[in-house]
Amino acid sequence: MAQQLKRQGRGSRDGGGGGAESTSTSNSTTPGATTTPAFWAVPSTEEEGDALDIDLNDISPNPFNDREMGDLTWLAANVAKHGVMTDINVMHTAVFAEYWPRAAEGITTKYVLAFGERRWRASRMAGKKTIPAVLRNNVVEEIRAILFSENFHRKQLRPIEEAREFKRLKEEEGLSTRQIAAELNLSGPGYVAGRLKLLDLPEELQAIVGTEDGPGVSMARTIARQLDDPEDMLLVWELIRDEGVSVKEAVRRLHSGDVSVLKENGVPEPRNANPADNQSGTNASAADAAGAGGVGEPDGSDDASTKREASDTQPDTAEASSTAKTNDVSVTPQKAPKPAAGKKAASAQDAAQRSHASADREMTCQNMVAQGVTLTPEQVDGLFARALLAPTQQAAARASAQKWLREAGKAVFTVSDTESYFEAVLSSGNHELVKTVTVVTALAACEVRARDGRRQWDVHDAEHVRLLIEAGNHHPESAWERAQLTKYGVPFPVGDAADADSIN
């Protein structure tokens with residue numbers, strides 16, 4: 001992306017006149033000034049990497065930084081008390097304008113920010129006159145790509161938001177999926193292409209992909225790949241959601257005409273049943289189903305599975321005849337409803353128990369924070385390893401940590417914006433506070449991972465609960481959580497626990 005954007009910048013300069021060579025003695029920074037924009041000459045006394053103390057009014061924000069600044073109140077208060085703890089990075093406007101003439105239009109200050117806009121703005125709010133900075137002209141060529149990549153990952157975008165951003169890069173920047181993946185440090189072009197496929201879904205599905213109420217990314221991508229009609233996609237998702245069938249089975253039923261949804265009383269109801277279509281007999285429906293058994297499946301799918309599904313569509317003749325006489329509409333009967341219902345009920349019970357277990361663990365975590373539980377060095381090492389090395393949702397973890405600290409009366413700062421709070425803590429100079437917040441955030445990261453209902457537990461989740469048991473006197477009460485701990489060899493207290501099977 002850097003090379004792509006670099007070419008675009010040079011093209012703009014060559015076609016429209018960059019002012020990199022022009023000089024001016026004017027350093028007006030008055031908002032709305034009517035003076036003609038002019039770039040400062042690069043001073044011969046300032047070299048790459050120099051530490052400078054720069055007048056705040058001699059710096060302009062970077063036009064490529066679209067980061068939300070958030071609430072700067074507490075950061076400004078800390079800057080007023082302790083000063084800026086980490087230097088900002090700046091570029092000479094003349095150098096910036098050489099690569100990005102269009103973006104530099106209207107900039108009349110000597111410097112353009114590279115990194116550190118929140119610190120720069122907080123310093124202005126704190127009434128500071130100057131700010132410590134390091135000269136970084138060497139990042140000019142790639143600054144747009146760097147800022148975009150940092151902001152992209154910082155925003156914690158939902159899958160569909162990522163898809164829309166990738167689409168914008170393809171259409172507006174002309175980047176390929178491979179270039180997008182490389183510049184954003186993603187797993188590969190397949191990741192980008194998979195996200196873009198989500199845009200083929202109807203808006204109703206796009207809005208819920210990756211949420212508790214919607215399909216996961218892989219399932220949504222499969223639905224979009226196998227179907228073209230938005231209404232069919234919605235219908236397939238309803239079958240998956242309401243009846244617990246696989247994508248393959250839902251698509252098979254859609255194409256075979258064997259499509260029903262559950263009424264509120266749990267009785268299957270035909271969707272768009274047409275007597276004329278059904279009177280032709282169920283053998284044709286069964287034949288269609290057999291041919292549609294592997295719709296959209298990769299080559300080499302399980303033949304036995306396909307044959308079994310085709311066989312399942314062959315109705316018992318007497319049962320089919322009875323159905324036709326009773327209802328005047330022949331609808332392929334639902335097979336083995338009791339096992340399906342039992343499986344669904346068991347799954348619902350597991351989900352309920354898992355939810356209760358999550359609530360109990362969170363209470364334990366909050367109690368540990370409130371009581372200031374001290375962990376052993378070994379426990380701290382294990383906690384940090386799980387938080388840093390296992391995949392976690394950092395934004396959610398930070399939000400939970402801030403909530404626990406606030407409710408325990410240990411947050412110190414009352415700033416509501418999570419990002420601003422953590423920056424205030426880091427800039428506070430209070431080593432004990434930094435240590436406490438770090439440990440609590442690591443604990444929250446492990447708990448956020450454990451409560452994620454979209455994934456199966458592993459040994460790291462079990463070790464997280466071991467810590468809660470040993471350090472927080474946690475008592476697992478649900479059969480689901482106890483089974484997980486037993487699976488990974490984690491002992492737990494078996495005192496007067498509640499009857500887990502009664503939790504529903």
Can you tell me the order of 441-448, 241-248 when each peptide is scored by its average per-residue count of other Cβ atoms within 10 angstrom, highest first? 441-448, 241-248
Computed over segment 373-504, the ratio Rg/Rh where both radii use C-alpha atoms and Rh is Kirkwood: 1.00
Where does each of 42-55, 206-219 land if you order them by average Cβ count within 10 Å, highest first? 206-219, 42-55
Note down the nm distance, to one decimal, between modelled labels 7 Å out along Cα→Cβ at Asn367 and at Gln393. 2.5 nm
Before I look further, what does segment 371-504 give for accessible area per residue, probe 1.4 Å, in whole square angstrom? 51 Å²
Expressed as a whole percentage, what fraction of the accessible surface of segment 353-504 belongs to carbon and sulfur atoms when a 1.4 Å probe is rolled over the protein heavy atoms? 54 percent
Cα→Cβ-extended label distance, 7 Å offset, between Phe384 and Val494, nm: 3.7 nm
When every alpha-carbon pair in segment 117-210 is counted, what percent end up more than 21 Å apart? 47 percent
Running Debye on segment 87-158 with equal point scatterers at the Cα sites and no solvent, what base-10 log of I(q)/I(0) appears at q = 0.15, 0.23, 0.24 Å⁻¹? -0.57, -1.10, -1.14
FRET E, pair His431, Ser176, Förster distance 35 Å, beta-carbon r, rounded to 0.05: 0.15
Report the label-to-label distance for Asp213 and Thr376 in nanometres (one decimal), using points 7 Å from each Cα along the Cα→Cβ vector. 4.6 nm
Taking 0.36 nm per residue of separation and subtracting the Cα-Cα distance, what length does fully extending Glu47 through Asp350 add? 102.7 nm
May I ask which of Lys128/Lys403; Lys403/Lys435; Lys170/Lys197; Lys81/Lys129 have a Cα-Cα span longer than 25 Å here? Lys128/Lys403
State, in angstrom, two size descriptors of segment 62-116 derived from its alpha carbons: Rg to one decimal place and Dmax to the nearest whole number. 13.8, 39
Rounded to whole Å², per residue accessible area for segment 82-236 with a 1.4 Å probe reads 45 Å²
Length-normalised contact order of segment 133-247 in % [C-alpha pairs under 8 Å, at least 6 apart]: 19 percent
Of all the C-alpha pairs in segment 159-217, what % are more than 17 Å from each other? 36 percent
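The values are calculated or read from the model by the stated rules, or taken from the named source; none is laboratory data. Every value quoted in this text rests on a predicted model; they were computed, and no experiment measured them. Ideal geometry is used to build each Cβ from the backbone, glycine not excepted, and the neighbour counts take in all protein chains shown. The area values use the complete protein model at the heavy-atom level, side chains included, leaving out ligands, DNA and RNA. Shrake-Rupley method; radii C 1.70, N 1.55, O 1.52, S 1.80 Å.
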